[in-house]
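After the structure tokens below, expect a handful of questions from me.
The values are calculated or read from the model by the stated rules, or taken from the named source; none is laboratory data. Please read all numbers here as calculations on a predicted model, not as lab measurements. FYI the Cβ positions are ideal-geometry reconstructions off the backbone, even for glycines, and counts take in every protein chain you see. The protein model used for the area step is the full one, side chains on, heavy atoms only, and it has no ligands, DNA or RNA in it. Shrake-Rupley method; radii C 1.70, N 1.55, O 1.52, S 1.80 Å.
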Amino acid sequence: MRILHTSDWHLGRQLHHASLLEDQRHVLAQIVATVEARAVDVVLVAGDVYDRSVPSAEAVALLDETLDAITQRLGVPVVVVAGNHDGAERLAAFARPLARAGIHLRGPLADALAPVVLRDAHGEVAFYGLPYAEPVAVRHAFGVEVRSHEDAIAFLTQRIAEREASGRRCVVLGHCFLAGSEESASERPLSVGGVAAVAPRHFERFCYAALGHLHAPQHRGARHVRYSGSILKYSFSEAQQAKSATLVELDGDGRATIEPVPLAPLRDVRVVEGELDAVLAQGRRDPRRDDYLLVRLLDRHAILDAMGRLREVYPNVMQLERPALAQGGERRAPSRESIERGHLAMFRDFYAQTKGEPLDDARASVVADLLGRLLREDA
């Protein structure tokens, strides 16, 4: 059976207040194309389908468009679980009629132990969808005493193992944090202080564990216990990550062959570093100038309207950093004389950028006297 594992779509997400719906539509079209080109038998979405528990109408429409393409045009079933960003009950609305259309939604935990059973030439494969499981929700749904995420996942995976004691091939979807995994700044913490960490061993007994929540593709414990990662870079902390979906070939004995399928963004998320003149020159010849950028300027002098000048060549600069100025301030405790010289130097830069000519000595003398008087009055 050929399985396409995805997660963390975060439909409706923004990057520094810029909508990413167009970027998400672009990459979801690649997922649909992969389903068709690689003859995928089932698509998995391991949580965080939406970015908010009450998604925008545009985000809902994009999900509808994508699921319709996969299940109705291509005839491929989809299994979806709720993540910590999703509203579980809203996501699973109309779950029963949608299941008849090949869209299998798992939101409330009460449905987590009901498998979606598919068949291939070798027999049945059971897919269990475990939504994000707060310990209190597990206690409420199953009347069992669990006090941590570790206890909750241990209980749920043990129940699945007992149900599949006959040895039928079994795939588990989960949305959780496995201990020792690589995190990104754009992930919403599941708890404070690391108490949400779960041991990978709970998932190792199954043929494949399709996990969501972490945005970097990775595996933990065993190669078949895997995070597919998010479909896009959702923060500058992810700039170096290569995004992909995971194609899994499950043979008749339940062995999983794993292949990352790269996803190409409409606009990449990058960090550009250098002095302003060099960055501007680079931008004028950069074929990817529409990417989302964090620009780290290394100039040590004041710059008039740096963001405006950068956006003339890079229209999607989202964040600007000036580490050289911060470091300079941390290295020394300046005297009043050096403060006066520093203010004058900044004013010289400001004057030259505004007037297009350097500040002459006569005007510099007037400004220096004024700065000295202001600083003395302030003292």
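What are the residue pairs meeting all of these: first residue in the stretch 300-322, first residue touching a residue at least 60 places away in the same chain (Cβ under 8 Å), second residue in a loop (DSSP other than H, G, I, E, B) and open to solvent by less than 30 Å² (accessible area, probe 1.4 Å), Cβ atoms under 7 Å, and 6 or more apart or on different chains?
As it stands, the answer is N316/D291, since those pairs meet every condition given.
Any residue at all in the stretch 73-84 that's in contact (Cβ under 8 Å) with a residue 60 or more places away in the chain, more than 13 Å from L173 (Cα to Cα) and under 24 Å from the mean Cα position of the chain (by Cα)?
From the stretch 73-84, those in contact (Cβ under 8 Å) with a residue 60 or more places away in the chain are 79, 81-84; that's our starting set.
Restricting the remaining residues to those that are more than 13 Å from L173 (Cα to Cα) gives 84.
Pick out the ones that are also under 24 Å from the mean Cα position of the chain (by Cα) and you get 84.
Within the stretch 73-84 (the criterion being in contact (Cβ under 8 Å) with a residue 60 or more places away in the chain, more than 13 Å from L173 (Cα to Cα) and under 24 Å from the mean Cα position of the chain (by Cα)), the answer is yes, since at least one residue qualifies.
Filter the stretch 139-150 down to the residues that are open to solvent by 30 Å² or more (accessible area, probe 1.4 Å) and among the hydrophobic types (A, V, I, L, M, F, W, C), then identify the one that is farthest from A114 (Cα to Cα).
Residue satisfying both the conditions and the ranking: V144.
A further question on this structure: Please name all residue pairs, on different chains or six or more residues apart, with Cβ atoms under 9 Å, provided the first residue is in the stretch 88-103 and is of a type in the set (D, E) and the second residue is open to solvent by 20 Å² or more (accessible area, probe 1.4 Å).
E89/P108
Take G129 and decide whether it is modelled with pLDDT of 95 or more and surrounded by fewer than 20 Cβ atoms within 10 Å (Cβ to Cβ). Outline the logic, then answer.
On the way: modelled with pLDDT of 95 or more: yes; surrounded by fewer than 20 Cβ atoms within 10 Å (Cβ to Cβ): no.
Judged against the criteria, G129 is not a match.
Select from the stretch 123-138 the residues that are touching a helix residue (DSSP H, G or I) at 6+ places or on another chain (Cβ under 9 Å) and not in a helix (DSSP H, G or I) and write down the one among them that is nearest to G107 (Cα to Cα).
Looking at the filtered set, the residue picked out is P131.
Filter the stretch 89-106 down to the residues that are crowded, with 20+ Cβ neighbours inside 10 Å and over 24 Å from C207 (Cβ atoms) and list them by number.
L91, A92
Now, a different point. Name the residues in the stretch 1-45 that are more than 15 Å from I258 (Cβ to Cβ) and over 21 Å from the mean Cα position of the chain (by Cα), would you? Talk me through it step by step, then tell me what you get.
So in the stretch 1-45, the residues more than 15 Å from I258 (Cβ to Cβ) come out as 8-33, 35-37, 39, 41-43, 45.
Residues satisfying the conditions are A33, V35, E36, A37, A39, D41, V42.
Which one of these does V60 not meet: (1) in contact with a Gly (Cβ under 7 Å, 6 or more places away or on another chain); (2) part of a helix (DSSP H, G or I)?
(1)
Check V117, V79 and return the single one that is in a strand (DSSP E or B), open to solvent by less than 20 Å² (accessible area, probe 1.4 Å) and closer than 25 Å to R2 by Cβ. Show your work before the answer.
Numbers: V117 fails: open to solvent by less than 20 Å² (accessible area, probe 1.4 Å).
When all the criteria are applied, what remains is V79.
Also: Out of curiosity, is Y227 of a type outside the set (A, V, I, L, M) and under 20 Å from Q30 (Cα atoms)?
Values: of a type outside the set (A, V, I, L, M): yes; under 20 Å from Q30 (Cα atoms): yes.
Yes; evaluated as a whole, the condition is true for this residue.
Restricting attention to the stretch 35-52, report how many residues are open to solvent by less than 60 Å² (accessible area, probe 1.4 Å) and either in a helix (DSSP H, G or I) or among the polar types (S, T, N, Q) (or both).
1
Now, a different point. I need every pair where a residue in the stretch 357-374 that is under 10 Å from L344 (Cα atoms) has its Cβ under 8 Å from the Cβ of a residue that is part of a loop (DSSP other than H, G, I, E, B) and open to solvent by less than 60 Å² (accessible area, probe 1.4 Å), sequence separation at least 6 or different chains.
Listed pairs, sorted by first residue: V367/L359.
Kindly indicate whether any position in the stretch 133-141 is of a type outside the set (D, E) and within 21 Å of Y208 (Cβ to Cβ). Write out each step before concluding.
First, pick out the residues of the stretch 133-141 that are of a type outside the set (D, E): 133, 135-141.
Narrowing further to those that are within 21 Å of Y208 (Cβ to Cβ): 133.
Looking through the stretch 133-141, at least one residue is of a type outside the set (D, E) and within 21 Å of Y208 (Cβ to Cβ).
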